[in-house]
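Notes for the one structure printed next.
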Amino acid sequence: MTVDSQGTATAGSQDAPGRAAGKSQTPPPPSGAKEALQPSRGRRSLPGGLLPYLLVTPALLSMAVLLLYPLISNLILSFQSVNRRELIRRETPWIGFDNYTELLGNSEFWTVVLRSVAFTAANVALIMAIGTGIGLLLNRLGKKMRLVLSLALAFAWAMPIVASVTVFQWLFDEQFGVANWLMRTLGFSGYEQHNWFETGFSTFVIITALVVWGSVPFVALNMYAGLTTVGTELYEAARMDGANGWRTFWSVVFPNLKPFFMITTFLEIIWVFKAFTQVYAMNQGGPDRATETLPVFAYIEGMSQQHYGVAAAISILTIVMLLVAMSFYFRLILKQEDEQ
Amino acid sequence: MKRKLIAAIGVAGMMVSIAACGGSDSGDKKDKAEGGNKSLTVWVMDGSAPKEWIDGVNKEFEAAHPGTKVNVEVQQWTDIQTKVTTALSEDTPPDVLELGNTQTTGYAVTGGLADLSGDKDKLGYNNWSKGMLPSAELDGKLYAAPWWAASRVVIYDKAAYKKAGVTPPKTRGEWIDGLKKLKAADAKSQPIYLPGQSWYVLAGFLWDEGGELAVKDGDKWKGGLATPQAAAAMNFYKELQSYSTAPKDKDEATPQQSVDVVPKGGVASWIGLGWEAGGAIAAIEKAGGKSDFGYFPIPGKTADKPGSVFFGGSNLAVAERSKNQELAKEWLAFVTNKKQLESYGTANKGGIIPVDTSAQVTPEAGSFAEAMVKVAEVGRITPITGGWANVETEPNPIKGYMTKVLKGEDPQKAGEEADKVIAERINQQ
């Protein structure tokens, strides 16, 4: 049992990203043993010669233009003192690591870093927990309800971010918001003019609700897609052994879908850590700069305060932090490949 | 995931190449246009230039300068500094820009604005209001033509005031007494709508106390909020604000008081500019209602002098990199001559004070303009230094200070925190 599920778990890792992207790949037949064979078959059918390189060239070229070039310009900018005056005069004085030393010695910067980490941890934990729960629910629901729930999830996922932020702002508006009305109707006192954006924490709670709401569909739908690949005989076997629901999840579902959980968690970490629109549009990093996460801090320093060099340094540091976090993921993957 | 990414990058790549085609296209056209004809791009701010007026002016200007085309682009105040900075750094900036009077010197120090010192005669420099000039000059050089100024007055609902038996006050004491009566007469409405971050209003109170937003200390500037004067000003603001249910952490533009708050009713009075009063009246009429506003200057500490007010206004500047600088200066001179200023004043129903005060339209009795003109001599502006514009960028430390004090924090402590940020920003050019 254990050995078998281990095997499928490692085998799953190769096509996990494909599965995460979803729908296009036909799910393999629901048998653990067959699935273990699939990757080698996939590898054999790769075309040789120049063709693969030709096929990736357009993607690489556009990445170089759209990602690499701005990244390098950004790196150079982070070593320069460019503010409003320099930008208009087109001067680019080189100041070495000054932007970085200034930032690293600034307690405000470290507050923002800690805040970003805590924000990311809370959001990713919630997204994964709720997303997994809804994914399991989708798997158990009847056809009609599943369709309804899937549609609801797809709508939440498809909602443009700024539009959803505006909706949330109005929901929690101090003077005309429905949240205050609801609390009053339910008989709570003190919600006559309650300001939901009064403190950084309260603002973060609303932003978290928005981010989690917007991100859960991705996890839930993929979770459901992943679950369809777990053979029903595994559940039956578990039930025969007398496992309850909780035990079945940890012994059957989780080991089988471990690659899925890994890739999704890391993707969510990246997305939440660099989430800008939700946080900025909700309250512009306020009140009193209390909800500035790293990307928002970079934007406010750069665009609003017009310290372009410092902002570039902040974004470079953000990338470095994300790379460090991602290195764990890559190490896990490499370790798995070695084991194979 | 990867496939999605590739698709996204592909689409983005396509869009960039399409945009690039578009870009070179319009570039060609422009070059051609400049060969024979000249075109001017003018940035005006939202609410500054009534459309019929500016269209009329441009028609006249184009007739006087054959082959010239003037394009007017209306900009929003929100995040305008970022936009202006970027525009001035480009090869083809707008030729003429309207800049807020508190922001002009901030751009003058960057070298992005053309020096207009040599064109003083053409622009009619000698007829300009001396009160508006300082915001357009730096180190003895002229960088912009002042255009108009305006200040805030108290706008009140005549019916509500009549019902409560309140008449326009002359002193702060009478003002507060009136608000008390209004509250007693109608518990459901707000005697005054005053959000917590209306910092131009606070600036007036601060000047009344003899304080300053920032003062020069040697060759450096320092903030003036950690002072007894600021505490006194804030204290009065807090008292006024206690008669309002407006949010303590928002300014008058979020939500826009003139069109989003006042027309909904339940507001007996508010503090606003001429265009805001106009916007509120239009919104009320659009909703099928009828407005009956009266206006009075913000009361001073004593009856002999109205309260100090911030002299909001705009200057018109020419971009240093403008391809048609001479023509842009011509346009500037054309717009700021007495005749155009008179028609401008009429188009604004006298709600603004033109730079050439002899072009002031005599305000109608009981109008916004009448109340505003009364306070023209007590109008003041923010500190004149290139760094002041940095202070005003969001997050604005003065707004943060106000919210903190309104929520009960010690004014001295909140003032010190704000002064630290002000000093940091005002001293960098």
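Bear in mind these aren't lab numbers, they're just calculated from the coordinates by the rules spelled out. Note that the structure is predicted; figures quoted are calculated from it, not measured. Backbone-built Cβ (ideal geometry, glycine too); neighbour counts: all protein chains shown.
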Cα-based Rg/(2.2 N^0.38 Å) for chain B, rounded to two decimals, is 1.06
Where a ≥ b ≥ c are root eigenvalues of the Cα gyration tensor, a/c under 1.5 meaning rounded, otherwise prolate if a/b exceeds b/c and oblate otherwise, region A:106-339 counts as oblate
Note, region B:118-127: 3J(HN,Hα) by Karplus (6.51, -1.76, 1.60, θ = phi - 60°), whole Hz, Gly/Pro = x, goes x, 10, 4, 5, 4, 7, x, 3, 5, 8
Per residue of A:88-94, other chain Cβ atoms within 10 Å number on average 4
Whole-Å distance linking the alpha carbon centroid of region B:154-202 with that of region A:264-298 is 41
Spelling it out for residue B:295: with amide H atoms placed in the peptide plane at 1.01 Å from N, the residues 5 or more places away or on another chain with amide H under 5 Å from its amide H are B:156
Everything considered on the Cα gyration tensor (a ≥ b ≥ c; rounded for a/c under 1.5, else prolate if a/b is larger than b/c, else oblate), region B:270-429 must be described as oblate
Amide H proximity to residue B:246 below 5 Å, modelled H, separation 5+ or other chain, gives B:194
Residue-ordered couplings for region A:311-328, obtained by feeding phi - 60° into the Karplus form 6.51 cos²θ - 1.76 cosθ + 1.60 and rounding to whole Hz (Gly and Pro as x), are 4, 4, 4, 4, 5, 5, 4, 4, 4, 4, 4, 5, 4, 4, 4, 6, 4, 4
Counting only residues 5 or more apart in sequence or on a different chain, those whose built amide H sits under 5 Å from that of residue B:41 are B:71, B:95, B:96
Taking Cα atoms, the helix A:2-21 axis meets the longest principal axis of chain A at an angle in degrees (rounded to 10) of 50
Sequence order, region B:169-174: Karplus ³J(HN,Hα) from phi using 6.51 cos²θ - 1.76 cosθ + 1.60, θ = phi - 60°, Hz rounded, Gly and Pro as x, gives x, 10, 10, 4, x, 5
In Å, the C-alpha Rg and Dmax of the protein assembly as shown are 31.2, 99
For residue A:100, the net charge from surrounding residues (Cβ-Cβ under 15 Å; K, R +1; D, E -1) works out to -4
Per-residue ellipticity at 222 nm attributable to helices in chain B (runs of n ≥ 4 DSSP H, -39500 (n - 2.57) apiece, nearest 500 deg cm²/dmol) works out to -13000 deg cm²/dmol
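Helix-only estimate, please: 222 nm mean residue ellipticity of chain A, summing -39500 (n - 2.57) across DSSP H runs of length 4 or more and dividing by its residues, to the nearest 500.
Calculated at 222 nm, the ellipticity per residue is -22500 deg cm²/dmol.
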